[in-house]
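Report on the structure given below.
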Amino acid sequence: MEAVRTLPIRMAPLPGESLDSWLEALARRLHTRYGSLLSHLGLVNQPKDSGRSNAVNWTVALSDEEASGIAHATGVNREVIHALTLARFGGRAVLIDHEKRKVNRHRLWGRGAGSRYCPDCLAESCGRWQLNWRLGWSFACVRHRLLLADACPACGRLPRRYPFSRHSVPLPGVCGFRPSRELHPVAPGCGQDLARAENLRLPKEHPALKAQSLLSQTIEAGTADFGQYAHLPQACAVALSEVRAVAGRMLTSMDAAGLATLVPGDVLDAHLHPEPGARPKRQEPERAGFMAPPTAAMTAVGVIAALRVLGEEDLATAARTLRPLTSTVRDGFEKCTATTVGTWGRGTGPVLRKVQLAALAASMRPSDQLRYRTSADPAPPSAARQRQRLRRRASRLPAAMWPQWAVRLSPSRGAYPRVLAPALAAATLLVGSRISFDEAVAMLGQTTDALALSRMLQMLEQTPRWETTASALTRLADHLDARPSPINYERRRSLDYTDLLFAETWAQICRDAGQHPGTGRRLRIARCIVFTQISGTPIEHAPEFPTADHNVFRAEAERFTEVWTPRIREALREAARAFLHRHGIRREPLTWHPPTNLLDDLDLPGRDADGIDIQRLHDLVRGRRSPTRAAAATLGLSIEAVRLALEEHPAPAQPLTPSQARALGRVSHAIRRILTEEELRRRYLDERQSAKAIADDLGVSRQTITRLALEYGIPLQQGRRGHHPVDREWLFEQYVICRRPLPELAREMRVSTATMNRWAHDLDIPLRPRGGASHREALRPDTGSPS
Ligand SMILES: [Zn+2]
Ligand SMILES: [Zn+2]
């Protein structure tokens with residue numbers, strides 16, 4: 001580069017000014033021809049570029065070398081110089097081919113050449129030109145509250161279509177310059193003062209002004225986070241591509257009446273009935289969906305209408321506005337379906353797709369709405385293949401939706417909870433997937449069927465909260481896909497539940513709680529409840545669930561947990577944990593559910609009992625025949641929500657009613673016949689059996705023995721631990737040396753195996769693992785020896 005000399009005067013560009021405007025003003029100030037200044041700055045067209053339309057447009061972009069030259073000559077910072085060109089908006093509001101210094105006109109409403117302008121701004125600044133007027137996205141001046149002008153009011157030419165003539169001294173703010181015959185190339189124009197253009201004035205708060213502000217802020221920030229982008233912020237270029245796609249479709253597919261529902265009449269009128277001369281004479285091709293709209297009014301109409309969709313915060317509202325575009329097919333556009341939503345325009349992203357799918361949802365089956373995730377954000381990227389992902393999701397899902405979730409998702413009427421809960425679980429597998437209903441129900445252990453699933457989905461779709469319900473299911477699916485669950489439900493479903501809750505354990509639980517263990521039916525109910533708790537599978541699939549009289553049994557089971565006491569609940573949970581331990585599951589919690597705060601912002605059909613006064617609930621249910629019904633009515637909750645609350649926070653036991661006490665008395669009477677005074681004396685005093693051992697042996701509580709002893713006048717010693725009728729040497733010899741099994745020794749001593757087991761434990765006898773280790777192992781020196 002030839003050394004560029006500094007200019008004799010200095011003049012900084014105005015804020016937001018474009019390079020050409022500043023250079024023209026500079027030439028004017030220097031009273032020099034424009035070409036001389038350009039040559040001085042080293043901005044020289046190659047001969048092949050000297051034709052009008054091929055002239056290098058420095059206002060699009062400068063090379064670093066050129067910018068440095070200008071910086072040196074003018075004393076203005078090089079970065080500031082670059083910011084005078086459209087490159088400042090590159091990648092955000094325009095795509096620029098730096099090689100050719102051309103704006104890509106097929107993307108982002110790029111304008112090839114020419115510029116709109118605000119006459120008032122020109123008047124104020126003596127004709128200095130703003131850079132952003134060159135953007136296809138500029139249609140209004142927010143400061144002067146008017147639509148930008150598209151053309152010279154006198155000759156109708158498009159301003160700044162060509163660079164200013166190199167052979168004249170520039171005259172800022174006029175239409176080109178009156179060409180003189182001998183000068184070539186020229187900037188054709190009529191010399192009209194552009195500041196005198198009359199344009200549509202807009203009242204304060206006009207949607208066009210708001211839309212322009214929003215676009216300008218977004219372009220400045222580089223990120224869109226307004227309206228639909230609030231949840232899913234996008235790069236400015238993506239958001240503008242989506243505005244372009246929607247605006248293009250609206251301008252092409254909607255008639256005036258349709259547009260009038262979205263856009264104020266003044267702007268629409270300016271678009272449909274332009275003042276003569278307001279439109280540039282040589283227009284860009286009017287393919288509004290693809291090219292930048294030729295006029296400010298048309299741009300305003302398109303952008304305002306598009307923002308009624310994308311700028312709307314509520315997805316349902318946005319989708320409703322977009323719906324006419326997805327249901328009509330015009331002008332060669334492909335019919336919009338869930339699989340063609342990506343074809344609306346280049347560079348679009350997930351937000352438009354989300355609104356399109358939500359708009360299409362109205363004509364989709366409810367299962368397809370879940371499959372296409374029409375009421376949710378697009379699927380988070382997942383490396384896992386679909387099958388793998390769904391299998392994992394299924395292993396994290398119980399066969400019946402967690403009650404904590406089901407109460408929120410259940411409409412007040414329309415389905416039995418027992419039918420709905422498995423359907424909701426299976427529906428969660430449909431989210432973002434292509435598996436059939438049959439496959440979905442099979443993955444969760446076939447606790448419902450395809451027909452029921454389909455019916456439930458149709459029922460839910462008819463409810464006013466279906467969209468939020470679908471959102472909830474989609475969020476749940478995403479949550480399960482993204483995070484490991486502490487419970488493997490797949491494994492829980494495949495456990496053998498036949499050894500669930502031993503009869504002795506149940507009897508003990510009832511004794512401890514001072515309740516009657518029942519005649520066998522209560523035990524079955526308890527087993528079914530523990531089964532459901534552990535497996536997450538509906539109660540009907542419990543091994544003990546009867547084959548007849550389902551409804552009676554189910555009602556009794558529901559009643560069971562409504563009135564259980566904290567003590568019974570905890571004891572059954574303990575028994576359930578013991579079962580899991582027996583099956584080698586030691587690390588999983590007994591129960592779990594995904595956090596319901598995932599649903600916090602959703603307006604769902606059901607309400608849970610969170611936040612209600614538990615004490616009040618207990619007062620409401622006490623002593624009533626239909627405790628949940630009454631409480632639900634009073635608290636305005638569903639019966640299921642109340643039942644769940646009672647299941648989790650049972651009402652404490654009340655003092656026994658006389659009839660309950662009599663029932664317990666009968667037990668004591670039965671025991672009394674077995675454990676007579678003589679028998680208790682013999683066992684307790686002669687055989688030195690502990691009260692606990694006797695209680696265990698007879699399957700009654702220790703308190704019963706204590707009461708009887710008191711009644712018989714037999715003094716009981718407290719804490720008789722260690723008083724055993726056998727001594728250590730004897731037991732060691734028999735069990736360890738002679739390897740006699742404990743049950744045999746128990747029989748010999750006429751006690752239960754459990755009692756003998758405890759004695760051995762108390763006397764520090766090394767017990768053989770069940771099934772028996774080798775004789776040699778049992779004789780290891782460190783296992784102790786007779787003392
Ligand atoms: Zn202005
Ligand atoms: Zn003119």
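The values are calculated or read from the model by the stated rules, or taken from the named source; none is laboratory data. For clarity, every value in this text was computed on a predicted model and none was experimentally measured. Positions of Cβ are generated from backbone atoms using ideal geometry, with glycine treated the same way; all protein chains shown enter the neighbour counts. Keep in mind that these areas ignore ligands, DNA and RNA; they rest on the heavy atoms of the full protein, side chains included. Shrake-Rupley method; radii C 1.70, N 1.55, O 1.52, S 1.80 Å.
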**Message:** Let me spell out the model: positive unit charges on the Cβ of Lys and Arg, negative unit charges on the Cβ of Asp and Glu, origin at the Cα centre of the chain. What dipole size does that give, in debye rounded to 20?
**Reply:** 740
**Message:** Just to confirm a number: summing +1 for Lys and Arg and -1 for Asp and Glu over residues other than GLY75 whose beta-carbon lies under 15 angstrom from that of GLY75, what do you get?
**Reply:** +3
**Request:** Kindly provide the pair-distance distribution of segment 497-582 built from C-alpha pairs, with 5 Å bins from 0 and whole-percent values in order of increasing distance.
**Result:** 3, 14, 29, 28, 18, 7, 1
**Message:** If I stretch the segment between GLU648 and ASP449 completely, what's the gain in nm (0.36 nm per residue apart, minus their alpha carbon distance), one decimal?
**Reply:** 68.7 nm
**Prompt:** Excluding LEU209 itself, what net charge comes from residues whose Cβ is under 13 Å from its Cβ, given Lys and Arg +1 and Asp and Glu -1?
**Reply:** +3
**Item:** For the chain: accessible area per residue (Å², 1.4 Å)
**Value:** 48
**Cα centroid separation, segment 293-313 to segment 428-488 (Å)** = 38
**Asked** Using a 1.4 Å probe on the protein chains only, how many percent of the accessible area of segment 19-196 belongs to carbon and sulfur?
**Response** 48
**Prompt:** What 222 nm value per residue comes from the helices of the chain, counting each DSSP H run with n ≥ 4 as -39,500 (n - 2.57) and dividing by all residues, nearest 500 deg cm²/dmol?
**Reply:** -13500 deg cm²/dmol
**Item:** Globularity index of segment 1-153, i.e. its alpha-carbon radius of gyration over 2.2 N^0.38 Å
**Value:** 1.04
**Prompt:** How long is the gain from ARG567 to ASP601 if the chain were fully straight, where each residue apart is worth 0.36 nm and the alpha carbon distance is subtracted?
**Reply:** 8.6 nm
**Asked** Which of the listed residues, CYS528, THR628, ILE509, is farthest toward the dipole's positive end in the chain, when Lys, Arg count +1 and Asp, Glu count -1 at the beta-carbon?
**Response** CYS528
**Prompt:** Ranked highest first by the average count of other Cβ atoms within 10 Å around their residues, in what order do 218-229, 354-365 fall?
**Reply:** 354-365, 218-229
**Message:** Please compute the Kirkwood hydrodynamic radius over the chain, one decimal place, Å, based on all pairs of different Cα atoms.
**Reply:** 33.7
**Item:** Rounded to 5, the percent of DSSP beta bridges in the chain classed as antiparallel
**Value:** 90
**Prompt:** Ignoring ligands, DNA and RNA, what percent of the 1.4 Å accessible area of segment 563-627 is carbon and sulfur?
**Reply:** 44
**Prompt:** Label points 7 Å out from Cα along the Cβ direction at LEU685 and HIS98: separation in nm?
**Reply:** 10.7
**Message:** So if I take the centroid of the Cα atoms in segment 551-567 and the same for segment 729-761, what is the distance between those two points in Å?
**Reply:** 41
**Request:** Pull up the cross-link candidates among the aspartates and glutamates for LYS692, meaning alpha carbon to alpha carbon under 14 Å and not fewer than 8 places away within one chain.
**Result:** ASP512, ASP762
**Item:** Efficiency of FRET between GLU198 and ARG483 - r from beta-carbon atoms, R0 51 angstrom, step 0.05
**Value:** 0.25
**Message:** Just to confirm the number: angle between the C-alpha axis of helix 521-535 and the first principal axis of the chain, 0 to 90 degrees, nearest 10?
**Reply:** 30
**Asked** What is the packing order of peptides 237-243, 762-768, 447-453, taking the mean over residues of other C-beta atoms within 10 Å and listing the highest first?
**Response** 237-243, 447-453, 762-768
**Asked** ARG582 to GLU65: extension gain in nm, 0.36 nm per residue of separation minus the Cα-Cα distance?
**Response** 178.3 nm
**Cα centroid of segment 224-266 to Cα centroid of segment 502-517, whole Å** = 68
**Request:** Measure off, as a whole percent, the carbon and sulfur share of the 1.4 Å-probe accessible area of segment 417-486, all protein chains present.
**Result:** 50
**Request:** Would you calculate the separation in nanometres between label points at ARG434 and THR6, each defined as 7 Å from the Cα along the Cα-to-beta-carbon direction?
**Result:** 7.0
